[in-house]
Every structure is written in C-alpha cells, then in structure tokens.
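For reference, the structure discussed in these notes is given below.
The values are calculated or read from the model by the stated rules, or taken from the named source; none is laboratory data. Treat the numbers as computed from the prediction; the structure is a model and nothing was measured. So basically every Cβ, Gly included, is an ideal-geometry build from the backbone, and we count neighbours across all protein chains shown. Accessible surface areas use protein heavy atoms only, side chains included; no ligands, DNA or RNA. Shrake-Rupley method; radii C 1.70, N 1.55, O 1.52, S 1.80 Å.
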Amino acid sequence: MQYTGRIDFSDRRAPVLSWPGTSVEATFTGTSLAIVLDDQHGKNYYNVFLDGDTERPIILQLDKGKKSYLVANGLKPGAHRVLLTKRTEGEEGATVFLGLELDDKAALQAPPARPGRRIEFFGDSITSGMGNEAPDDGEDHHGKDKNNYRSYAAIAARQLGAEAHFTSQGGIGIMISWFPFTMPDFYDQLSAVGDNDSRWDFSRWTPDVVVVNLMQNDSWLIGRDHKLQPEPNEAQRIAAYQAFVARVRSLYPKAYIVCALGSMDATKAGSPWPGYVKTAVKNLRTAGDARIDTLFFPFTGYGKHPRVAQHQANADLLTTFVRQKMGW
C-alpha cells in the first residue's frame with residue numbers, strides 16, 4: 001500500500017486522511033474490490049481510479065461512520081491497480097482508511113514506484129479545487145463539485161512527474177481568513193480539520209519545489225471588505241506575506257519557491273496584490289535567497305472559482321515555469 005500526503009499514522013492499522021489530494025494506491029489480484037472507510041461527518045468525496053483510467057473515476061460520496069464501499073466487481077483475473085484520492089478538504093472532515101476487501105485467495109502486490117520529484121502547494125480554495133467541476137453558470141461551493149485531482153496544482157504535479165502535497169483550505173489567507181485562523185496558524189498541522197494542535201513532522205517529506213498561492217482571500221477581506229482593523233498598510237501586507245514565505249524557506253532550505261497568485265480577481269488589471277508579492281520576493285532575493293521567483297495566473301474576467309479548463313491552462317503555465325527553473 002502506498003500513501004501520499006500528510007496522513008496521520010498514529011494507528012498504523014487506521015491511517016487518517018484529511019488534506020485534499022491525500023491518496024492511497026495499491027496493486028491487488030482478484031476480480032472484485034471494496035474499500036472500507038470511516039468518515040467523520042459524511043461530507044467527504046473521493047475518487048477511485050482503477051487500472052489507470054483517470055478519465056472515468058468512480059466517485060464515492062461517503063456516509064458518516066464506517067462502511068464498506070464496493071468499487072469493482074467482475075474484473076478480469078490478474079493484477080489490478082487502484083488509486084483512492086480525497087477530492088474534498090479538511091473542511092469536510094477526516095476519513096479513516098480501514099483497508100481493502102479482496103476476493104478469497106486474492107492478495108496485495110507491490111505498489112507502483114513513487115515519483116522521484118516532489119512538489120508542495122500552500123494555497124486556498126483555488127489550490128484545493130473548489131467548484132472546479134461546477135457548471136460555468138452554477139454555484140461553486142458544493143462538496144460534490146470540489147475535486148482536488150483536477151486542480152491546477154494536481155494537474156501540474158502529474159505533468160511534472162512529481163509527488164505532491166496540497167496544504168490548502170478554501171477561504172484561508174495570510175493575514176485574515178473567512179474563519180478565525182490563517183495559513184500561518186494552519187500550515188504546520190498534521191490534521192487539516194480546522195485549527196488544531198496537531199503537528200506535521202516536516203522532516204518526513206521534503207519537496208524540491210514549493211508553490212505558494214495565497215492572498216486572494218486577503219484581497220477580498222482587506223482590500224474590498226475592510227474586515228481587518230486596524231487595516232494593514234502596504235508595508236505591513238508585504239511584511240506579512242514575506243514572513244510566511246521566509247518561514248517556508250526555513251523549513252525547506254534547498255527548495256525552489258514559486259510565489260504565485262491567481263487566477264481569480266486578485267490578479268485583475270490594476271490590482272495591487274501582485275505587487276505585494278513581487279516586492280516581498282524582491283526583498284528575499286536581496287537578502288540572499290536566489291531560489292525564489294513569482295508567477296501570476298492571469299484573471300480571465302470569470303468571476304467565480306476557476307473551472308477545470310482554467311485550472312488546466314494555469315497548470316500548463318506552472319508546468320512550463322517549473323521545467324525552465326528546475327530542468328525537469
């Protein structure tokens with residue numbers, strides 16, 4: 001069994017998945033497969049991909065509590081692959097993975113090899129993939145329409161051949177969020193369920209590239225709605241962003257850091273928020289950090305959360321950028 005993401009292994013027999021994009025992959029024999037899950041609230045959705053068919057996922061809408069979910073029957077005899085990925089976020093709660101149910105005499109085999117490259121994303125709803133599968137003219141806050149697997153971040157990671165961690169939460173900001181905690185409170189948690197005292201061990205997994213895509217919510221709550229009082233001036237906004245990126249740098253001294261923003265309206269023409277990111281990065285480079293740069297995803301004029309087509313376009317921009325910087 002191969003696990004990817006910030007997963008709580010306090011009980012090795014019952015690992016807990018909470019972050020978007022956390023996954024379990026396995027190779028098994030037999031003709032049927034069921035997955036046993038225990039969901040906290042009954043609000044989570046998962047993708048199940050069989051034998052590499054990423055175009056036609058089996059989508060699981062979990063019930064609260066422990067349940068066995070039959071995902072395949074009548075498979076051809078022989079070896080098969082399964083990939084389970086969390087579509088939703090910590091906002092929808094945690095899920096305990098309790099194992100696979102196979103045919104009699106069937107067995108697990110060695111999982112596929114892990115990618116050699118690693119990339120981590122610190123972000124908000126855009127990185128999580130909120131609303132990306134919603135209709136263009138429809139609401140985009142429903143759990144069923146959230147699919148991290150088809151976010152720009154996950155798409156770019158696959159295009160780059162990299163294993164990815166998605167440290168993201170819809171509504172989160174650097175200085176203020178739509179709830180009482182911010183990314184500087186949240187980034188170091190093992191569990192993504194709210195603001196909690198769990199601690200991720202950063203020595204367990206070190207990325208080669210880090211993408212920070214934050215400040216969209218700050219731009220709304222501070223720049224538009226003036227919810228943070230006393231309101232931070234431009235120097236304070238830059239300093240807050242710079243301090244978080246410097247913290248990321250202290251955790252990952254060798255990583256290439258991409259300070260991104262977009263593709264919602266924080267990057268629209270005339271917005272000051274890309275300038276804050278640019279200035280913070282310039283300050284860090286002046287202080288001696290040569291492995292850091294900016295990348296802005298253009299605002300297309302679409303006022304809702306980006307849909308899959310926009311995520312793909314942004315993933316292509318990020319993929320090209322990282323390939324140039326890393327030689328991948």
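Considered as a group, the residues in segment 104-137 that are under 30 Å from TRP178 (Cβ atoms) and of a type in the set (A, V, I, L, M) include one that is surrounded by the fewest Cβ atoms within 10 Å (Cβ to Cβ), and that residue is ALA134. Exactly one residue among GLY30, GLY21, GLY52 is open to solvent by 30 Å² or more (accessible area, probe 1.4 Å) and not hydrophobic (A, V, I, L, M, F, W, C), and that residue is GLY52. Inside segment 272-312, residues that are within 21 Å of the chain's Cα centre (by Cα) and farther than 18 Å from TYR252 by Cβ make up a count of 14. Selection over segment 275-298 of residues that are open to solvent by 20 Å² or more (accessible area, probe 1.4 Å) and out of contact with any Gly (no Cβ under 8 Å at 6 or more places or on another chain) gives a count of 16. Counting only helices (runs of 4 or more DSSP H) that sit completely within segment 108-226, those holding 1 or more residues that are more than 16 Å from the chain's Cα centre (by Cα) correspond to 183-186. One residue alone among GLY303, GLY275 is farther than 23 Å from GLN169 by Cβ and either touching a residue at least 12 places away in the same chain (Cβ under 8 Å) or in a helix (DSSP H, G or I) (or both), and that residue is GLY275. Per this entry, LYS105 is not counted among residues that are among the basic types (Lys, Arg) and modelled with pLDDT of 95 or more.
The rows are residues; the columns are (1) without any contact (Cβ under 8 Å) to a residue 24 or more places away in the chain; (2) open to solvent by 10 Å² or more (accessible area, probe 1.4 Å).
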position: THR182; (1), (2): yes, yes
position: ALA192; (1), (2): no, no
position: SER203; (1), (2): yes, yes
position: MET215; (1), (2): no, no
position: PRO232; (1), (2): no, yes
position: ALA240; (1), (2): no, yes
position: VAL248; (1), (2): no, no
position: LEU251; (1), (2): no, yes
position: ALA255; (1), (2): no, no
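Within segment 313-320, one or more residues are assigned to a helix (DSSP H, G or I), β-branched (Val, Ile, Thr) and under 17 Å from the mean Cα position of the chain (by Cα). Checking each residue of segment 92-103 against the condition of being open to solvent by 60 Å² or more (accessible area, probe 1.4 Å), in contact (Cβ under 8 Å) with a residue 24 or more places away in the chain and outside the structural domain of PHE179 (by the TED database) gives at least one match.
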